[in-house]
Amino acid sequence: MKVAIIGAGAMGSLFGALLADAGNDVWLLSTWQEHLAAISDKGLKINYKDHTRTIYLNTATRLEEIGPSDLTLIFVKSYHTETVAGTAAALAGAEGVIMTLQNGLGNAEKLAACIDPERIIAGTTSHGATVLEPGHIRHAGMGATVIGSWNGNNKPVIDEIAAAFCRSGIETQVVDNVRPVIWEKLLVNVGINAITALTGMRNGQLLDMAVTRELVRKTVEEAITIAIAKGIKVREDMVEHVFKVAKATAANRSSMGQDVDRGRFTEIGAINGMIVSAGKRLSIPTPINETLVALVETLQGHYT
């Protein structure tokens with residue numbers, strides 16, 4: 001299977017390396033030339049627990065270097081999705097499919113503006129990764145990847161991709177309705193990302209104090225209210241699920257936390273910001289999420 005990955009950050013690099021190591025023809029497309037040069041020269045180094053391995057894969061800075069691909073996988077930050085949608089459509093060609101495993105809401109809709117929605121696959125992943133330096137990442141944690149058709153009946157293609165992912169060590173499940181899955185991941189991110197980004201804490205530290213756990217609870221409950229109002233089915237133990245994810249990823253720094261640490265623009269708009277926007281449209285107040293959005297936007301607006 002020929003795979004083009006748009007976005008060679010931690011997650012794009014990780015998925016690209018795992019798929020390439022399993023024998024797929026994988027290309028990383030990015031403007032981060034230092035990272036691509038390091039991979040081309042010495043391969044991608046991946047730390048996982050106490051083991052380090054090196055995997056070689058193709059890199060490119062222009063889509064013309066890659067050509068039509070069976071699968072185009074999007075791993076850019078959510079605020080870049082609209083910018084790369086045309087590139088993704090070109091890489092998909094006449095028959096390829098596009099998959100988004102990005103954080104937040106709205107990514108599949110932006111892609112659907114450039115390509116037939118029946119050729120779009122959406123989903124979530126519980127894998128975690130961090131860039132240590134150009135050409136070197138840490139695989140921070142493993143977990144399930146869940147995918148499904150955004151708006152079509154291309155299940156045979158999705159099943160084939162899921163099987164290829166599983167052969168690559170990416171445990172993948174196919175579901176008939178992927179929207180509740182995306183919302184569940186959103187609710188986890190709503191409860192963890194902004195608070196850890198603002199406080200400098202790791203995920204597990206959210207559970208250390210009752211006052212922090214209550215802040216997480218209230219933040220998630222606001223978002224649950226919005227999800228239910230939009231007709232999204234939410235698991236009954238959603239808040240406890242967020243706590244379990246924080247515990248399972250206790251040593252991790254959330255992706256938003258990593259962005260703040262590096263002085264990068266965050267995905268707050270596609271996560272807590274989506275809850276605030278939906279609340280305004282539905283006339284449902286979301287004061288906690290609104291405060292978190294304002295604080296993160298203020299913080300990133302004053303990077304030095």
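At a glance:
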| read-out | value |
| --- | --- |
| Boolean, residue 236 is in a helix (DSSP H, G or I), over 11 Å from residue 192 (Cα atoms), among the acidic types (Asp, Glu) and more than 17 Å from the chain's Cα centre (by Cα) | no |
| Residues of region 239-271 satisfying the condition of being part of a helix (DSSP H, G or I) and either out of contact with any helix residue (DSSP H, G or I) (no Cβ under 8 Å at 6 or more places or on another chain) or under 17 Å from residue 75 (Cα atoms) (or both) | 240, 244, 248, 255, 256, 258, 259, 261, 268, 269, 270 |
| Pairs where the first residue, in region 278-297, is among the charged types (D, E, K, R) and the second is surrounded by 17 or more Cβ atoms within 10 Å (Cβ to Cβ), C-beta under 6 Å, 6+ apart | 290/276 |
| Condition met for residue 248 (over 16 Å from residue 106 (Cβ atoms), touching a strand residue (DSSP E or B) at 6+ places or on another chain (Cβ under 8 Å) and not assigned by TED's automatic domain parsing to the domain that holds residue 130) | yes |
| For residue 61: the one exception among (1) touching a strand residue (DSSP E or B) at 6+ places or on another chain (Cβ under 6 Å); (2) surrounded by fewer than 20 Cβ atoms within 10 Å (Cβ to Cβ) | (1) |
| Unique match (being crowded, with 17+ Cβ neighbours inside 10 Å and at pLDDT below 95) among 16, 9, 96 | 9 |
| Qualifying positions in region 40-58 - under 19 Å from residue 140 (Cα atoms), at pLDDT 95 or above and surrounded by fewer than 15 Cβ atoms within 10 Å (Cβ to Cβ) | 52, 53, 54 |
| Residue ID - nearest to the chain's Cα centre (by Cα), chosen from residues in region 153-168 that are exposed (fewer than 14 other Cβ atoms within 10 Å of the Cβ) and at pLDDT below 95 | 155 |
| Single residue of region 195-225 satisfying the filter (in contact with a helix residue (DSSP H, G or I) (Cβ under 9 Å, 6 or more places away or on another chain) and among the acidic types (Asp, Glu)) that is surrounded by the fewest Cβ atoms within 10 Å (Cβ to Cβ) | 221 |
| Members of region 184-233 that are in contact (Cβ under 8 Å) with a residue 40 or more places away in the chain, part of a loop (DSSP other than H, G, I, E, B) and not small (Gly, Ala, Ser) | 201, 202, 230, 232, 233 |
| Qualifying residue in region 243-256 (condition: touching a residue at least 12 places away in the same chain (Cβ under 8 Å), surrounded by fewer than 15 Cβ atoms within 10 Å (Cβ to Cβ) and more than 21 Å from residue 127 (Cα to Cα)) | no |
| Hits in region 19-58 (condition: within 20 Å of the chain's Cα centre (by Cα) and among the hydroxyl-bearing types (Ser, Thr, Tyr)) | 30, 31, 48 |
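The values are calculated or read from the model by the stated rules, or taken from the named source; none is laboratory data. On a predicted model such as this, the values are computed, not experimentally measured, just so you know. Here Cβ is always computed from backbone atoms with ideal geometry, including for glycine, and neighbour counts include all displayed protein chains.
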